[in-house]
Amino acid sequence: MKKITFFLITLSVLGVVGLQGCAKEKPTAQIEVKKAVYTCPMHHQIRKDQPGECPICGMTLVPLDNIEETPSVATPALKSNKPAEKKIKYWASPMNPAQHSAKPMKDDMGMDYVPVYEETATEDLKNPAGVQGLVPIHLSPYKEQLIDVKYATVEKASITRLIHTSGRFAGGEGDFAALAGDFAAQRPLKTSGRYVVAEVYALDIPFVKTGQKAYVSSLSGSGNRIPGRVALVYPYDETQSRVTRVRINLTQAAPPDLFANVDIEASTEPRLAIPPSAVMDTGSQKYVFVATAPGAFSPRAITLGFQGDDLDEVTSGLKAGEKVVQGANFLIDADSKIKAAFSEAK
């Protein structure tokens, strides 16, 4: 009887120890399976698990980054490198951001409301540029390529503007009155040694210097353009019309005419400059979009000086080496204004 009792006690102890050992075993997580997902370059709402064509536009589907599936057992949460999903604050009409909704819906025109995220409203308030009605925006590399964003580097360069004006032929064998008399008498004009006296308005005269290139042609438009050089800026002007006269020496024989069309290549010394296509002008302010980081664009107010044909002088707002948007800036401007309107409506 004692042996039977000892045997039962031993079995009970072994059973308890076995149960405790089983309880200490940790569940193993299932192996994470990476699944390839394909989407359309034009329609990102399309998602397929195998290659193919987009059912909307017929374009070939391209793979997205692999997606890690969540472990199915209760294990400690693993840290993910993926950014946290943005939380939608409300939905708003794309045509009137002041119209809000707590859920997706359509406006009176049948357009879908767009989501406004909490992060967007916070970032939109940070506008270091101080440009009214604009906020910084971010674009993905895909969107940059889609709208064909182009950049220009802010750097020092000589700025040239072609000044169009008119003038009179003068000089030669005899003075201008003699030439006028020959013209009135229908005698052949003596063209040797002639030059042109051009009239330059006060707005352009600060940029006209001796030695600059000039081109002269007949007022009627016939004949070739004759090259020349600015030889003298006369030290007086016609006070009422604010016109200063400039003498242009010709390198070729002048045509037998009295009046001429004149083009002067007015240029400056190297100055900080950007292309005119990069400048957005509302009438009351001028600004550009500066690339502050890959895909990040910030509006910045600037002031311009001498405006040339291919470059504009920047007197404030930019530094040498910065990059500004000169292509697709109207689309970026529209996106910036829409986001600013959403933040103000909030």
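The values are calculated or read from the model by the stated rules, or taken from the named source; none is laboratory data. What you see is a predicted model, and the numbers here were worked out from it, not measured in a lab. Because the Cβ atoms are built from the backbone with ideal geometry, glycine has one as well, and the counts that use them run over all protein chains shown. Ligands, DNA and RNA are stripped out before the accessible areas are found, and what is left, the full protein with its side chains, is counted by its heavy atoms. Shrake-Rupley method; radii C 1.70, N 1.55, O 1.52, S 1.80 Å.
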What does the charge add up to near residue 321, with Lys and Arg as +1, Asp and Glu as -1, over the other residues with Cβ less than 14 Å from its Cβ?
+1
Assign one of three labels to segment 188-346, namely rounded, prolate or oblate, based on the Cα gyration tensor with a ≥ b ≥ c the square roots of its eigenvalues; rounded applies when a/c is under 1.5, prolate when it is not and a/b is larger than b/c, and oblate otherwise.
prolate
Here is the link list: 87/150; 156/339; 106/339; 150/286; 106/150; 143/337. Which ones come out longer than 23 Å on Cα distance?
87/150; 156/339; 106/150
With residue 267 itself left out, Lys, Arg at +1 and Asp, Glu at -1 over residues whose Cβ is under 15 Å from its Cβ give -2
At a 1.4 Å probe, what is the % contribution of carbon and sulfur to the accessible area of segment 201-340?
53 percent
For residue 311, enumerate residues with amide H under 5 Å from its amide H, sequence gap 5+ or separate chain, H modeled in the peptide plane.
160
Given backbone amide H placed at 1.01 Å from N, residues whose amide H is under 5 Å from that of residue 286, ignoring those fewer than 5 places away on the same chain, are 302
Expected vector for segment 260-266, Karplus 3J(HN,Hα) from phi with 6.51, -1.76, 1.60 and θ = phi - 60°, integer Hz, x for Gly and Pro, equals 9, 8, 10, 10, 10, 7, 7
In terms of modelled amide H atoms, which long-range or inter-chain residues lie less than 5 Å from the amide H of residue 232?
247
Rounded to whole Hz, the Karplus (6.51, -1.76, 1.60) HN-Hα couplings of segment 39-48, x for glycine and proline:
9, 8, x, 9, 10, 6, 6, 7, 9, 9
